[in-house]
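The values are calculated or read from the model by the stated rules, or taken from the named source; none is laboratory data. Quick caveat: nothing in here was measured; it's all calculated off a predicted structure. A quick note on method: Cβ atoms are made from the backbone with ideal geometry, for glycine too, and the neighbour counts reach across all protein chains shown. Surface areas here come from the heavy atoms of the whole protein model, side chains and all, with no ligands, DNA or RNA. Shrake-Rupley method; radii C 1.70, N 1.55, O 1.52, S 1.80 Å.
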Amino acid sequence: MGGIYIHPEKISDFEKVKNLCPFGAIEVSPDGTIQINSGCRVCKVCVKNGEPGAFEYREDVISATDKSEWQGITVLGEFLPSGEYHPVIFELLGKARELADKVGFRVSLVLIGNEIPAIPNLFWSQGADQVFVYDAPLLKYFDARLYADIVEDFALKQKPSVILVGGTPAGRSLAPRVAARLRTGLTADCTELDIQPNSDLDQIRPAFGGNIMAHIRTPYHRPQLATVRYKIFSPGQPDDSRDGEWIYCDLPDGLSASIKHIASTEKPKVHNIEDSDILIVAGRGFKKKEDLILARQLADELGGELACTRPLIEAGWLEPRRQVGLSGRTVKPRLLIACGVSGSVQFTAGMKSSEMILSINNDPHAAINQIANYSFIGDLYQIIPALLKFIKNGREQ
Amino acid sequence: MNIIVCIKQVPGTTQVEIDEKTGVMKRDTGSAKMNPYDLYAIETALRIKEELIDVQTTAITMGPPQSEAVLREAYMLGIDHGILLTDRKFGGADCLATAYTLSQAILKIGLPDLIICGKQTTDGDTAQVGSELAEFLELPHIACVLKINSLTNRSLEGVMDLGDFTQTVELPFPCLITVDKEIYEPRLPSYRKKIATRDRPIQTLSFSELPDQNPVHYGLDGSATRVMRVFPPVHHKQNQIFEGTPDTLASEISKILIKMKVL
Ligand SMILES: Cc1cc2nc3c(=O)[nH]c(=O)nc-3n(C[C@H](O)[C@H](O)[C@H](O)COP(=O)(O)OP(=O)(O)OC[C@H]3O[C@@H](n4cnc5c(N)ncnc54)[C@H](O)[C@@H]3O)c2cc1C
Ligand SMILES: Nc1ncnc2c1ncn2[C@@H]1O[C@H](COP(=O)(O)O)[C@@H](O)[C@H]1O
């Protein structure tokens, strides 16, 4: 059985060993026996940081897919009921092209829906070599099991090594079904991707609910699935000289819907923080809901929007759509001013590509300083009012 | 009608950090709690129980023995049965192996009419286990359900969140849903129920009781993904730090804003 194995004879301090595991999976019984419980996440921190040889990682290769049979990178495209392509497609195509060029793969795009407009040039210039279209009235509305039938059909015929899926609500519902159907790995919300010469996909994401990143691979299974949120990557430089193949695919036999569609409803349009050029982000440095008036005034003065970190949403101070971060919105404004924000990975994953980042924080060691262009060390309750006064005086002159 | 709710115990704090010098991860392992999203899943099951007659609710969790605590909490909220799925062989499971193990346990106790999962966990944070579980059980599913419009003994009509729009669908039983926070406001655990369920047993299931006895389908062996390493986040930005009185800092900020033509 693969996992972590213990060599107790190489351990000198049993008390210390208990604290080695960030998941508390190392159990020392009163009689001195030591074991690893099912809380183990195989992060290998004990192997790395324990006494030499005390913890050993063993991996059994149960069955390995022949990687040479699986070639190419596929992007699963989402087609919206509004009749538009979800823009995350172009970001994924850009990344797919970059990875494919490293290992000599082709890039394909799969589109599922009904009455999908054919605008091939758009996809060739963004990096696709082939577009596979499954177009039928039955496929008009999103149905995870039905769409998984289609992706399975595609994957078994075309055998892509990698399938990238947009981390949209539909993508996040479909990708796991596909992964389970094909008995393969899926890594959610990757923030970085790279590829090895042997086609293993390097997937980086924040992990274990903490301020840490994990590097994940799917070493023995194909295809390798990953989801990536909208606006994490940028579309590639369009190359108008590129050309490709537009292919209509037959539906697999015996296809049927698993759910009955009743209605699709567009949500009321609201001004989203993603669309704003200037964002003032409030963090837990604000002590009370009422104090947010400072951030709001600054946003108004600069013609920007107010946004916030997750704890403020959890406290019910602002609407969820104002949350920046991995579990909120990804933003890339021209200017972002973080006020009383510590800069956790989950937060920065959603804003680090902003063009100009300023931070106001009284802690000179806050992690936000590592990604801000300019950090102002001090109390936001003094700096923001001073800044507002400055702006006012400037305008009156 | 039978409902199964999948719940998970997660660390109470999200403050796991790596000490940059020693590379040791630090976490307060003492505190653990129910995954907050799973409270909404439990609440949904309880609301259905209140609406229809003869509904049995079961909570199931896979994890180390101490995860029993979340099943006790489920009892205090009003769940009828609790199942703890625990075995060393399940350790190191990724989403695929977790969902597979849950599916085997559900086949063992009997497929219910409805399975309810939380939208995501706060530690794994993948929002994958629910959909993968539906696939292993070959059930239709919808994720991120915002609202249940109506319900009969044969099907439910629910509204799923798809970003800029919602989709209302009818889903026949048996099926699986993952629920979003908007669905209902979760109730608080009841002291009366705590006393009343104090001696209520919790059923434990281990590898040897599951239908599929091939050990390579579980735990690390049954997982397709491997964590190569964990590391603290790295940043590359050029950073300039300003210190001084609020007025000096405010004037430095406004200089930047003027240069950017924001002011
Ligand atoms: C799975 C998961 C997903 C998550 N997703 C997100 C997400 O999408 N977005 C998100 O934001 N978080 C997310 N989080 C939470 C994240 O880990 C942090 O807990 C959160 O970002 C911290 O918010 P904060 O910086 O406002 O608060 P804190 O970390 O408490 O930081 C407050 C900062 O304010 C400073 N401060 C205090 N008083 C003052 C003052 N008077 N003047 C100036 N500075 C002051 C402090 O020095 C500190 O640096 C997620 C967590 C998990 C586990
Ligand atoms: N170990 C587990 N035991 C029971 N249910 C789980 C477990 N892990 C995940 N789940 C369920 O799957 C949902 C999504 O989890 P995740 O994919 O980890 O974000 C959770 O809200 C739970 O309902």
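A few comments on the model shown:
- Kirkwood hydrodynamic radius of the protein assembly as shown, from the reciprocal of the average inverse Cα-Cα distance over all distinct pairs: 26.3 Å.
- Overall, the accessible surface of region A:67-248 at a probe of 1.4 angstrom is composed of carbon and sulfur to the extent of 47 percent.
- Positive-end extreme of charge dipole, the protein assembly as shown - chosen from A:VAL345, A:PHE90, A:GLN126 (charges on Cβ): A:VAL345
- Inter-chain shielding of A:252-264 (mean C-beta neighbours from other protein chains, 10 Å cut-off): 4
- Highest-first arrangement of A:128-137, A:73-82, where packing means the average Cβ count within 10 Å: A:73-82, A:128-137
- Principal semi-axes in Å for region A:2-59 [√(5λ), Cα gyration tensor, largest first]: 15, 13, 11
- Since only A:GLN158, A:LEU20, A:PRO252 are under comparison, the one whose Cα sits farthest along the positive direction of the charge dipole of chain A, derived from C-beta charges on Lys, Arg, Asp and Glu, is A:LEU20.
- Alpha-carbon radius of gyration plus Dmax, which is the widest Cα pair, for region A:273-396 in Å: 13.1, 41
- A:CYS249 - accessible surface, heavy atoms, 1.4 Å probe, Å² rounded to 10: 30
- If the chain linking A:SER29 and A:ALA118 were pulled fully straight, counting 0.36 nm for each residue of separation and taking away their Cα-Cα distance, it would gain 25.5 nm.
- Order by protection proxy (mean Cβ within 10 Å, highest first), peptides A:305-312, A:21-28: A:305-312, A:21-28
- Antiparallel content of DSSP bridges confined to chain B, in %, to 5: 40
- Spatial offset of region B:42-85 relative to region A:344-397 amounts to 45 Å, using the alpha carbon center of each.
- Separation of region A:1-54 and region A:145-189, taken as the distance between their Cα centroids, equals 36 angstrom.
- Residues of region A:164-210 that bury at least 30 Å² of accessible area when the other protein chains are present, relative to the chain alone (probe 1.4 Å, heavy atoms, ligands and nucleic acids excluded): A:PRO169, A:ARG172, A:SER173, A:PRO176, A:ARG177, A:ALA180, A:ARG183, A:LEU186, A:ALA188, A:ARG205, A:PHE208, A:GLY209.
- Excluding ligands, DNA and RNA, the accessible surface per residue across region A:182-244 is 34 Å² with a 1.4 Å probe.
- DSSP bridge pairs, the protein assembly as shown: antiparallel proportion in percent, nearest 5: 40
- With every protein chain in place, region A:273-396: carbon and sulfur % of accessible area (1.4 Å): 46
- Dipole of the protein assembly as shown, positive direction: furthest Cα of A:ALA315, B:MET160, A:ASN393, with charges on the beta-carbon: A:ASN393
- Heavy-atom accessible surface of region B:210-263, averaged per residue, reaches 54 Å², computed with a 1.4 Å probe.
- GNM result for chain A, Cα springs below 10 Å: residue of A:HIS86, A:HIS215, A:HIS365 fluctuating most strongly: A:HIS365
- Neighbouring partner chain Cβ atoms per residue of B:116-127, average, 10 Å criterion: 4
- Under the convention that each Lys and Arg Cβ holds +1 and each Asp and Glu Cβ holds -1, the size of the dipole of chain A around its Cα centre is about 880 debye.
- Relative contact order of chain B, defined on C-alpha pairs under 8 angstrom at six or more residues apart (%): 23
- Long-range tail of P(r) for chain B (Cα pairs > 22 Å, %): 62
- Near A:PHE14, once Lys and Arg are set to +1 and Asp and Glu to -1 for all other residues with Cβ below 15 Å from its Cβ, the sum equals -3.
- Fraction of beta bridges assigned by DSSP in region A:67-248 that are antiparallel (%, nearest 5): 30
- Scoring B:91-98, B:104-111, A:252-259, B:75-82 by mean Cβ neighbours within 10 Å over their residues and listing the highest first yields B:91-98, B:75-82, B:104-111, A:252-259.
- Solvent exposure of region A:57-97 as accessible area per residue, Å², 1.4 Å probe: 42
- Sites listed here are trypsin sites (Lys or Arg not before Pro) in region A:240-288 whose DSSP assignment is loop and whose Cβ has at most 12 other Cβ atoms within 10 Å: A:LYS269, A:LYS287, A:LYS288.
- Gyration tensor verdict on region A:137-200 (Cα atoms; rounded if a/c is under 1.5, prolate if a/b is larger than b/c, oblate otherwise): oblate
- Here the accessible area is traced with a 1.4 Å probe on the protein chains. For chain B, carbon and sulfur cover 51 percent of it.
- Each part reduced to its alpha carbon centroid, region A:196-220 and region B:174-239 end up 21 Å apart.
- FRET efficiency estimate (nearest 0.05) - Cβ-Cβ, A:GLU314 to A:LYS392, R0 35 angstrom: 0.55
- Across chain A, Cα pairs under 8 Å and at least six residues apart give a relative contact order of 12 percent.
- On association of chains B and A, roughly 8700 Å² of accessible area becomes buried (total for both chains; probe 1.4 Å).
- Residue with peak Gaussian network fluctuation, chain A [Cα springs, cutoff 10 Å], from A:ALA366, A:ALA226, A:ALA188: A:ALA366
- Fluctuation leader among A:GLY53, A:GLY94, A:GLY185 - chain A, Gaussian network, Cα springs under 10 angstrom: A:GLY53
- For residues of A:59-71, the mean tally of beta carbons on other chains within 10 Å: 1
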